[in-house]
Amino acid sequence: MIVPSRFPILAAALAFLETGVFARVASGDDAAFGARRMAMVRAIEEAGVRDSITLAAMGTVPRHEFVLARDSARAYDDEPLPIGQDQTISQPYIVAFMTQALRPRPGLKVLEVGTGSGYQAAVLAQTGCKVYTVEIIRALADSARARLVRLGFTGIEVRHGDGYQGWPEVAPFDAIMLTAAPEQIPQELVRQLAPGGRLVAPVGGQHQAQKLVLLEKDRSGRVRRTVLLPVWFVPMQRGLR
Ligand code: SAH
């Protein structure tokens, strides 16, 4: 694979990938989609995401398989897209930014709240993390699970459940990502974060400005909060559907 030298980190990331440590899972892919995906990853790197593991993972996941068929030509544009059930998949830059914020690496145990299409879970899995993802709408949980199996992703458990409860049987998690916005970060999720762990979440009401917030829990259990970016996400809901 030839990558222009002005993208040294991406080139290093792709070289890393060629080592075959992680699954190559662009099934249903073709050269045109592959080229657009590489352009997307270069744009994300230019926009400031520099973590090589994150960039490499973004380069392997066929986003066009996670959006509605009518939108597949736009799958590698930097925009959110509908995934059915009034929900949306985030724009690729935000997916990469949030992934990088968790400092993913092989062997970490990660909880995602809001499976949606399964795209973010797939990106996390491609960094080598073991992913547990919870979705409150059964139809989305079922279709995401089937899609991830069909595309050959491993190391992802999908549960139909309420993310406010986390996944107590598996906790504590090294990292937690919310992809729907609560008004405040649920205390139960902070509790399920391991010492030394990182949690990233959009926070704010539906009609308010939301902020992307990072929580870092230190070894003694103290939590530090940093605001990273203004964002817009669908609201986190209560009640299984
Ligand atoms: N991460 C997804 C996009 C998420 S959209 C992707 O990559 O495609 C936000 C998702 O959060 C929606 O699917 C929505 O149904 C789900 N959601 C909302 N409230 C939730 C809750 N309390 N628990 C689990 N999932 C929730």
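The values are calculated or read from the model by the stated rules, or taken from the named source; none is laboratory data. What you see is a predicted model; the values in this text were computed from it and never measured. FYI the Cβ positions are ideal-geometry reconstructions off the backbone, even for glycines, and counts take in every protein chain you see. Ligands, DNA and RNA are excluded from the accessible area calculation, which covers all protein heavy atoms including side chains. Shrake-Rupley method; radii C 1.70, N 1.55, O 1.52, S 1.80 Å.
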Tell me, yes or no, whether region 204-225 has at least one residue that is buried (at least 16 other Cβ atoms within 10 Å of the Cβ), assigned to a strand (DSSP E or B) and of a type in the set (Val, Ile, Thr). yes
In region 196-208, which residue that is touching a strand residue (DSSP E or B) at 6+ places or on another chain (Cβ under 6 Å) and of a type outside the set (D, E, K, R) is farthest from residue 105 (Cα to Cα)? 206
Got a sec? Which of 196, 239 is touching a residue at least 12 places away in the same chain (Cβ under 8 Å) and either open to solvent by less than 10 Å² (accessible area, probe 1.4 Å) or not in a strand (DSSP E or B) (or both)? 239
Scope region 149-193; condition within 11 Å of the ligand (Cβ to nearest atom), crowded, with 16+ Cβ neighbours inside 10 Å and assigned to a helix (DSSP H, G or I); matching residues: 163, 164, 189
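Given the structure, is residue 146 surrounded by fewer than 20 Cβ atoms within 10 Å (Cβ to Cβ) and outside any helix (DSSP H, G or I)? Walk me through how you get there before you give the answer.
Working: surrounded by fewer than 20 Cβ atoms within 10 Å (Cβ to Cβ): yes; outside any helix (DSSP H, G or I): no.
For residue 146, the condition - surrounded by fewer than 20 Cβ atoms within 10 Å (Cβ to Cβ) and outside any helix (DSSP H, G or I) - is not met.
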Only one of (1) outside any helix (DSSP H, G or I); (2) polar (S, T, N, Q); (3) over 15 Å from the mean Cα position of the chain (by Cα) does not apply to residue 133, and that is (3)
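Filter region 102-120 down to residues that are within 8 Å of the ligand (Cβ to nearest atom) and closer than 13 Å to residue 178 by Cβ and give me whichever is nearest to the chain's Cα centre (by Cα).
Of all residues in region 102-120, those within 8 Å of the ligand (Cβ to nearest atom) come to 112-120.
Now restrict to residues that are closer than 13 Å to residue 178 by Cβ: 112-116, 120.
Details: 112: 8, 113: 10, 114: 10, 115: 9, 116: 10, 120: 3 Å.
So, considering only residues that are within 8 Å of the ligand (Cβ to nearest atom) and closer than 13 Å to residue 178 by Cβ, the one nearest to the chain's Cα centre (by Cα) is 120.
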